[in-house]
Amino acid sequence: MANEHKIEINKRDDITPQRLKQLRRDGNIPGIYYSATSKDSLPIFITKNDYHTAIKSGARIFNISVNNKKQNVLFKSVQYHPVTEEVLHVDLYGVRMDQAITIKVPLLLMGNAIGVKDEGGILNQPLNEIEIQCLPADIPDSFELDISELGMGDSLNAGDIKLDEKFILITSKDSVVASVTQPMKEIEPVVELVEDEAFLDDDGEPIEHEEGKEGEKPSEDPGGDTSAADKEAESE
């Protein structure tokens, strides 16, 4: 069952960028509150100390006061700075404790897969959380899935997670949540040796040299011209 924790919120009327920067400099986190039944969102802010205390409490449901009326909320969205990871903005979503909501819950893999331990495989976890539907008071901290019997080439799907009757799985039952695969092998590049094109004919065949055998004088062309030395010898 989800724990509850009270946090103090403050309404903010000035929503200009300058005011947002000033709020953050003063140690506050701007945000908005809205619910399925509210027509408009309410700009609010909370202190950083209250936010971190609320998160450390482990609660999933938080109590706030809106227009002097108690309201149960969830942190629907939290925006972080891309570099410093500082919290920049929060969305508080009002819920009714008697109406089911859709929420994502962390998925923890338990045990050592035999495909990794004994067969040298690699464990993959495509999904770190699954989406379910339940009453706000029943929101679990996480779900656990035993992967001890997962062998090489095996996989487990979201449908393999054992859920209590009070939970409805929204994530597709066929979605792979864990698998063991072969480690990638390093492929050595294959270098093809290309014969020197200077020794290939037009058909790509090697050209045979027309030199005679070793020690044999090449035959003279009977129809060819005599050399200049022969002509000179004949004239003498």
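Descriptive notes on the structure:
- Cα gyration tensor shape of region 102-181, rounded if a/c is under 1.5, else prolate or oblate by comparing a/b with b/c: prolate
- Size check on region 1-142: the Cα extents along the three principal axes, sorted descending, read 62, 40, 25 Å.
- Taking amide H as placed 1.01 Å from N in the peptide plane, Val177 has its amide H under 5 Å from the amide H of Leu156, Asn157, Ala158, each at least 5 places away in sequence or on another chain.
- Using C-alpha pairs under 8 Å with a sequence gap of at least 6, the mean separation divided by the residue count of region 4-96 gives a relative contact order of 32 percent.
- Loop-located trypsin sites (Lys or Arg not before Pro) in region 39-68, at most 10 other Cβ atoms within 10 Å (DSSP): Lys39
- The distance between label points at Asp98 and Tyr34 comes to 2.6 nm (points 7 Å beyond Cα on the Cα→Cβ vector).
Just so you know, all these numbers are worked out from the coordinates, no wet-lab data involved. It should be emphasised that the depicted structure is a prediction, and the values quoted were computed from it without experimental measurement. Virtual Cβ from ideal backbone geometry, glycine too; neighbours counted across all protein chains shown.
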